Amino acid sequence: MVTVRTPSFGRSNAFNLSLALVEALGHSGLTVVSLQPSPAMLEAGALAGNIPAADACRVYTAMVGLDG
């Protein structure tokens, strides 16, 4: 169960709900990622996998389900 707290400076209900959703995803072992990798992400993936950046891009898009 996620508890939504409203701080003294008064965030909106929508903002609090968004924070609770992201927190709940994290507790479930999930995360939110960009659909398209940034150049830095591709470089890091290429280095980690010892593969070209184009291959790292294909791996990333397959992982997030954009490959069909």
Within the stretch 55-68, which residues are part of a loop (DSSP other than H, G, I, E, B) and within 13 Å of the chain's Cα centre (by Cα)? Val64
For the stretch 15-32: of the residues being outside any helix (DSSP H, G or I) and not small (Gly, Ala, Ser), which is surrounded by the most Cβ atoms within 10 Å (Cβ to Cβ)? Leu30
Those residues of the stretch 41-54 that are in a loop (DSSP other than H, G, I, E, B) and surrounded by fewer than 11 Cβ atoms within 10 Å (Cβ to Cβ) come to a total of 1
Matching residues in the stretch 18-33 - criterion: being over 19 Å from Val64 (Cα atoms) and among the hydroxyl-bearing types (Ser, Thr, Tyr): Ser18
Which of the following residues is loosely packed, with under 11 Cβ neighbours inside 10 Å and modelled with pLDDT under 90: Ser38, Ser12? Ser12
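The values are calculated or read from the model by the stated rules, or taken from the named source; none is laboratory data. Not measured: the values here are computed from a predicted model. For neighbour counting, all protein chains shown are included, and Cβ atoms are generated from backbone atoms with ideal geometry for every residue, glycine included.
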